[in-house]
Amino acid sequence: MGLKPDHWIRRMALEHGMIEPFAEKQVREGVISYGVSSYGYDMRVADEFRIFTNVYSAIVDPKNFSSQSFVDFKGDVCVIPPNSFALARSVEYFRIPRSVLAITLGKSTYARAGIITNITPFEPEWHGFVTLEISNTTPLPAKIYANEGIAQVLFFEADEECEVSYADKKGKYQGQTGVTPPRL
């Protein structure tokens with residue numbers, strides 16, 4: 001299994017629709033960067049957010065998730081309260097080939113400001129918009145900029161295809177289109 005370079009990512013995106021919309025070059029000027037990098041793809045965060053709140057004294061339970069745990073927000077800049085958390089989604093729709101595993105890592109620009117994006121795998125044959133988990137680990141409010149880079153996706157291609165893909169096991173997050181809370 002090997003990490004895939006920029007030319008492989010371009011080919012898979014353009015010929016096989018692996019990433020849509022696709023930024024063929026890294027966009028950097030005046031924004032938190034996004035697009036193809038040397039060995040990955042910097043995805044963007046959309047303008048749809050679910051910000052966790054304690055207004056209703058809800059308990060966060062991944063097995064029985066309550067919509068009272070968050071407030072919906074749509075806008076160019078999302079402010080995550082101190083020591084809090086938000087869910088968002090990627091601008092890009094991903095289609096992962098059967099012989100590929102992708103992993104997301106938070107961008108250092110946000111990490112250096114105490115804003116952490118969860119490490120998330122995209123299993124072989126998973127497709128959908130990525131639900132992003134964004135933590136503000138600081139004691140201050142933190143800004144997230146919509147339509148700018150939020151996390152880097154690294155692609156690893158195996159020498160052979162997996163026996164059972166995410167599609168084969170009918171994964172619960174297959175084809176997600178919006179900000180998707182936990183499911184059991």
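Structure summary
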item	result
Only listed residue being among the small types (G, A, S), assigned to a strand (DSSP E or B) and surrounded by 13 or more Cβ atoms within 10 Å (Cβ to Cβ), chosen from A46, A58, A23, A13	A46
Residue among I134, I103 that alone is under 21 Å from V79 (Cα atoms) and in contact with a strand residue (DSSP E or B) (Cβ under 8 Å, 6 or more places away or on another chain)	I134
Conditions (1) under 17 Å from the mean Cα position of the chain (by Cα); (2) without any contact (Cβ under 8 Å) to a residue 40 or more places away in the chain; number of the one not met by F49	(2)
The listed residue being among the charged types (D, E, K, R), in contact (Cβ under 8 Å) with a residue 12 or more places away in the chain and either farther than 23 Å from A142 by Cβ or touching a Gly at 6+ places or on another chain (Cβ under 9 Å) (or both), out of D72, D61, D42, D76	D42
Identity of the residue in segment 109-132, aliphatic (A, V, I, L, M) and farther than 16 Å from R44 by Cβ, that ends up surrounded by the fewest Cβ atoms within 10 Å (Cβ to Cβ)	I119
Count - residues of segment 26-43 that are loosely packed, with under 13 Cβ neighbours inside 10 Å, small (G, A, S) and closer than 22 Å to C78 by Cα	1
Selection status of V130, of a type in the set (A, V, I, L, M, F, W, C), within 16 Å of P181 (Cα to Cα) and in a strand (DSSP E or B)	yes
Hits in segment 106-125 - residues which are over 21 Å from S33 (Cβ atoms) and either out of contact with any Lys or Arg (no Cβ under 8 Å at 6 or more places or on another chain) or charged (D, E, K, R) (or both)	P121, E123, E125
Verdict on P139 being in a loop (DSSP other than H, G, I, E, B), touching a residue at least 24 places away in the same chain (Cβ under 8 Å) and surrounded by fewer than 16 Cβ atoms within 10 Å (Cβ to Cβ)	yes
Lone qualifier among F156, F94, F85 - being farther than 19 Å from D42 by Cβ, part of a strand (DSSP E or B) and in contact (Cβ under 8 Å) with a residue 12 or more places away in the chain	F85
Identity of the residue in segment 97-115, among the hydroxyl-bearing types (S, T, Y) and not in a loop (DSSP other than H, G, I, E, B), that ends up nearest to the chain's Cα centre (by Cα)	T104
Number of the exception - V71 against (1) under 14 Å from the mean Cα position of the chain (by Cα); (2) under 26 Å from N54 (Cα atoms); (3) surrounded by fewer than 18 Cβ atoms within 10 Å (Cβ to Cβ)	(1)
Residues within segment 95-105 that are of a type outside the set (S, T, Y) and surrounded by fewer than 21 Cβ atoms within 10 Å (Cβ to Cβ), tallied	6
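We did not get these values from a lab; they are worked out from the coordinates using the rules stated. Predicted model, so just to flag it, every value in this text is computed and none were measured. Don't worry about glycine lacking a Cβ; one is built from the backbone with ideal geometry, like all the others, and counts go over all protein chains shown.
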